[in-house]
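S.K.: Shown below is the structure under consideration.
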Amino acid sequence: MNKWEMVIGLEVHSELKTRSKIFCGCSTRFGSSPNSNICPVCLGLPGVLPVLNQKVLEFAIKAGLALNCRIAAHSKFDRKNYYYPDLPKNYQISQYDLPIAENGWLDVEVGDGIKRIGITRIHMEEDAGKLVHAGSTITSSSHSLVDYNRTGVPLIEIVSEPDLRSPEEARAYLEKLKAILEYIEVSDCKMEEGSLRCDANISLRRHGQTKFGIKTEIKNLTSFRAVQRGLEYEAGRQQTILDEGGVIEQETRSWDEEKGVTVLLRGKEHAHDYRYLPDPDLVPLEIDRQWVEELKKQLPELPSARKQRYIEQMGLSDYDAGVLTASRATADYFEQVLAAGASPKGAANWVTVELAGKLNQSGLTISQSPVPAAQLAQLLKLIDDRVISGKIAKDVFARMWQTGKEPEQIIREEGLTQISDDDSLRQMVEQVISQHPQTVADFHAGKEKAVGFLVGQIMKLSRGKANPEIVNRMLREKLLEG
């Protein structure tokens, strides 16, 4: 890619976390039996009228505020006309020229710096139904069935400016966007359930040029990994065509995860192809500014601000603070551990390493953790009070995970209290020194690693219960005596 520069923009569709659909009272619950959450309104049967769900408008405004957008004083809904089997009305109620929010931005961490990505617009719309393919993909299926449960589920579409210059930047932008939507609690952002979906537009241009190249759109990107891989593949495909003197066709392509390629779906539509017109059944919106200010006050501390607070006030590293604030659930759990009496650095280490490892291994989210935050704080206090060593604490944590028992109960039942008694430890030190004369000689010859070996032998002798700090001090004193 040394001759070519990527130009990438993302269109992110996020289902809003409302109990009912955008224009009717049908449930938005995921996983219901096919075509069970439908009514004449969301199916667009003759004689019915849509009524806007006010919670949808509230969530859309909150998203706009969190993404630094200008909230419109006047907005309206439009009909986007196209025919597809999952669209029962043959039009989608969306927004065209007067969206609810415009001209925002989002800062993402790129390399060693921060890059500001523009947000063109955020608009509200209804979701379409879902095609259930007979095969693994639309291109390999003999037929497809239609489930209309998702029809009318409220969406916001967040359109970025073409400010992204690599698949890595696109992934970072999407991850940050997901975190913000979760923080403000307008969407659960479960990509595996389709509540956060991304379409990517990509074109290439020669380095130094300002004019955009011809873009293609990639659909069916259902994970962060798919976004990155899809853009990498499409950039390579376009580069090959351009290097051979060919011309890029403006088209919509689908990402085939199994094959790792994009495949042609159709020629790219333009706005006029959809024949947008104002929806005559929905009145225009007049947004009260005082209400917008009230919603702004309801926004929680967002990921970037929370991360900065962890660094400045708690002394955490940039990496640990980033991991902890990447999701609101993780940050909330971490702060619950602190509220129960743990120190920030100890809690950060255990949440990002030990707890995260167990969750990943078990396929659980942090909200499903068998170890509550208060119990983890109890365990960390036992380490700080030198009741148990860090090594024993990992064994205790594993038992807490399995049994749900309190750490003190496990320590008491299994006799895991750390040995800090001077006489007992002194006996172990003398025993290990007498058993390893060559290692002692190595220490006196200047080999510092010999101490580590002897400490390890003492820990083995004590079955991990010896206080390592006291052992280290006693061992050095004894070796220097000799």
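S.K.: Which members of the stretch 176-195 meet the condition of being touching a helix residue (DSSP H, G or I) at 6+ places or on another chain (Cβ under 6 Å) and outside any loop (DSSP other than H, G, I, E, B)? Before the answer, list the steps.
M.R.: Kept after step one, since they are touching a helix residue (DSSP H, G or I) at 6+ places or on another chain (Cβ under 6 Å), are these residues of the stretch 176-195: 179-180, 182-184, 186-187, 189.
Once the filter is applied, which keeps residues that are touching a helix residue (DSSP H, G or I) at 6+ places or on another chain (Cβ under 6 Å) and outside any loop (DSSP other than H, G, I, E, B), the stretch 176-195 yields Ala179, Ile180, Glu182, Tyr183.
S.K.: Take the conditions touching a residue at least 60 places away in the same chain (Cβ under 8 Å), in the same structural domain as Ile71 (by TED's automatic domain parsing), under 30 Å from Ser136 (Cα atoms) and of a type outside the set (A, V, I, L, M) and apply them to Glu251. Does it pass? Break it down stepwise before answering.
M.R.: Details: touching a residue at least 60 places away in the same chain (Cβ under 8 Å): no; in the same structural domain as Ile71 (by TED's automatic domain parsing): yes; under 30 Å from Ser136 (Cα atoms): yes; of a type outside the set (A, V, I, L, M): yes.
When the stated conditions are applied, Glu251 does not pass them.
S.K.: Under 18 Å from Val186 (Cβ atoms) and touching a helix residue (DSSP H, G or I) at 6+ places or on another chain (Cβ under 6 Å): is that true of Lys62 in this structure? Steps first, answer last, please.
M.R.: Numbers: under 18 Å from Val186 (Cβ atoms): yes; touching a helix residue (DSSP H, G or I) at 6+ places or on another chain (Cβ under 6 Å): yes.
Here the answer is yes, as Lys62 does meet what is asked.
S.K.: Moving on. With Glu125, Glu109, Glu102 as the choices, which residue is under 22 Å from the mean Cα position of the chain (by Cα) and assigned to a strand (DSSP E or B)?
M.R.: Glu109
S.K.: With respect to Leu16, is the statement that it is farther than 28 Å from Gly230 by Cβ and in the same structural domain as Asn149 (by TED's automatic domain parsing) true?
M.R.: The answer is no for Leu16.
S.K.: Please go through the stretch 39-86 and give me each residue that is touching a Pro at 6+ places or on another chain (Cβ under 9 Å), part of a loop (DSSP other than H, G, I, E, B), aliphatic (A, V, I, L, M) and in contact (Cβ under 8 Å) with a residue 40 or more places away in the chain, ordered by number.
M.R.: Once the filter is applied, which keeps residues that are touching a Pro at 6+ places or on another chain (Cβ under 9 Å), part of a loop (DSSP other than H, G, I, E, B), aliphatic (A, V, I, L, M) and in contact (Cβ under 8 Å) with a residue 40 or more places away in the chain, the stretch 39-86 yields only Ala72.
S.K.: If I go through the stretch 240-259 residue by residue, how many of them are surrounded by 15 or more Cβ atoms within 10 Å (Cβ to Cβ), hydrophobic (A, V, I, L, M, F, W, C) and assigned to a loop (DSSP other than H, G, I, E, B)?
M.R.: Residues in the stretch 240-259 being surrounded by 15 or more Cβ atoms within 10 Å (Cβ to Cβ), hydrophobic (A, V, I, L, M, F, W, C) and assigned to a loop (DSSP other than H, G, I, E, B): 1 in total.
S.K.: Here's another thing I want to ask about it. Could you tell me whether Ile114 is part of a strand (DSSP E or B) and free of Cβ contacts under 8 Å to residues at least 40 places away in the same chain?
M.R.: Here the answer is yes, as Ile114 does meet what is asked.
S.K.: In addition: Select the helices (runs of 4 or more DSSP H) contained entirely in the stretch 299-366, then report the ones holding at least 1 residues which are more than 16 Å from the chain's Cα centre (by Cα) and in contact (Cβ under 8 Å) with a residue 24 or more places away in the chain.
M.R.: 303-314, 328-339, 344-349, 356-362
S.K.: Tell me, which residue of the stretch 90-99 that is in a loop (DSSP other than H, G, I, E, B) and touching a Phe, Trp or Tyr at 6+ places or on another chain (Cβ under 7 Å) is surrounded by the fewest Cβ atoms within 10 Å (Cβ to Cβ)? I'd like the intermediate steps shown before the answer.
M.R.: Initial filter on the stretch 90-99 (in a loop (DSSP other than H, G, I, E, B)): 90, 95-99.
Now restrict to residues that are touching a Phe, Trp or Tyr at 6+ places or on another chain (Cβ under 7 Å): 90, 95-96.
On the way: Asn90: 11, Gln95: 25, Tyr96: 17.
The residue in question is Asn90.
S.K.: Among the residues of the stretch 128-157, what is the count of those that are hydroxyl-bearing (Ser, Thr, Tyr) and either in a loop (DSSP other than H, G, I, E, B) or without any contact (Cβ under 8 Å) to a residue 24 or more places away in the chain (or both)? Working first, answer last.
M.R.: Taking the stretch 128-157 and keeping what is hydroxyl-bearing (Ser, Thr, Tyr), we get 136-137, 139-142, 144, 148, 151.
Now narrow it down to the ones that are either in a loop (DSSP other than H, G, I, E, B) or without any contact (Cβ under 8 Å) to a residue 24 or more places away in the chain (or both): 136-137, 140-142, 151.
Residues that pass the stated criteria total 6.
The values are calculated or read from the model by the stated rules, or taken from the named source; none is laboratory data. Treat the numbers as computed from the prediction; the structure is a model and nothing was measured. Cβ: placed from backbone, ideal geometry, glycine included. Neighbour counts: every protein chain shown.
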